[in-house]
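The values are calculated or read from the model by the stated rules, or taken from the named source; none is laboratory data. Note that the structure is predicted; figures quoted are calculated from it, not measured. Methodologically, a virtual Cβ is constructed for each residue, glycine included, from the backbone with ideal geometry; neighbour enumeration extends over all protein chains shown.
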Number of protein chains: 2
Amino acid sequence: MQAINNKGLLAQFIDQVWNNENLEAVNDYVAPRYTIYHDPGDPWDGQSLDLAKFKERLTQSRSAAPDQKFELVDMISESDKVVAAWTWRGTHLGDIAGIPATGNTITMSGLTAYYFENKLLIGHWQVADRLAVYQQLAG
Amino acid sequence: MQAINNKGLLAQFIDQVWNNENLEAVNDYVAPRYTIYHDPGDPWDGQSLDLAKFKERLTQSRSAAPDQKFELVDMISESDKVVAAWTWRGTHLGDIAGIPATGNTITMSGLTAYYFENKLLIGHWQVADRLAVYQQLAG
């Protein structure tokens, strides 16, 4: 039996944690200290989170679009890093950057460099196409 | 003597082609057909370019901020793919998406997945923080 590699772990993390809000699964993938190195627009940008804070961020981020799904377009892995190129889709049912629910279906794209240590995620460096989101909320 | 790897080639490409607008160097790094798989906001998004079109895109993109520089924050490489995480800085001296020169210094961040074939670049999948640019032009 071959141990799962970082790409496999990341795919499971995205599916279980971000696409299905499985709070218990967070402990399986996220280190006790998780740093958001760069993520413009994210309210936690620049912060280091413990598991409780990570779950708070997850719940709060997902409440804006409870049916949200990330779809992985590509994954590129080297040593303890995995980059995911992704598209995202969700229905806008809660506040996004102060804009109340519109009911619009929103799509967004981005790339995230995820950093592992001992098979646990210790942080990320991400850029998402925030302008596309604003254009869809205004439209 | 060890041949230069894709990461080394990408760093040279960014420096010579994007940071210094060396049109002749384009031929050393870019394949005869280069595809912009995904690059929201780029006027050539979705298109495949020959070398002449690539140079036209380079010249036109650079004219908006002739002193522009990409700084590589990280590179993650796997087989024929190299992802660059970057920050960008330039002085706004030409049209950006219809907004005439403001003279503002603009910073932007993004990630680009670059695809190689036989040591030449055949395309990219990119997301940049366009919203940050608009905010700096409006400010």
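Here are some notes:
- Of all residues in the stretch A:87-100 being part of a loop (DSSP other than H, G, I, E, B) and either under 18 Å from the mean Cα position of the chain (by Cα) or hydrophobic (A, V, I, L, M, F, W, C) (or both), the one that is modelled with the lowest pLDDT: A:Ala97
- Filtered by the rule that a residue be acidic (Asp, Glu), more than 12 Å from chain A (Cβ to nearest Cβ) and in contact with a strand residue (DSSP E or B) (Cβ under 7 Å, 6 or more places away or on another chain), the stretch B:55-81 gives B:Asp67, B:Glu71.
- The residues on offer are B:Glu24, B:Glu56, and the sole one that is acidic (Asp, Glu), modelled with pLDDT of 95 or more and not in a helix (DSSP H, G or I) is B:Glu24.
- When the stretch B:97-139 is filtered for residues that are charged (D, E, K, R) and either closer than 20 Å to B:Asp67 by Cβ or buried (at least 18 other Cβ atoms within 10 Å of the Cβ) (or both), the ones remaining, listed by number, are B:Asp129, B:Arg130.
- Checking each residue in the stretch B:52-66 for being touching a residue at least 40 places away in the same chain (Cβ under 8 Å) and farther than 15 Å from B:Thr91 by Cα picks out only B:Leu58.
- Qualifying residues in the stretch B:101-139 (those that are among the charged types (D, E, K, R) and in a loop (DSSP other than H, G, I, E, B)) - the one farthest from the other protein chains (Cβ to nearest Cβ): B:Lys119
- Any hit, the stretch B:71-80, residues being in a strand (DSSP E or B), of a type in the set (Gly, Ala, Ser) and within 30 Å of A:Asp80 (Cβ to Cβ): yes
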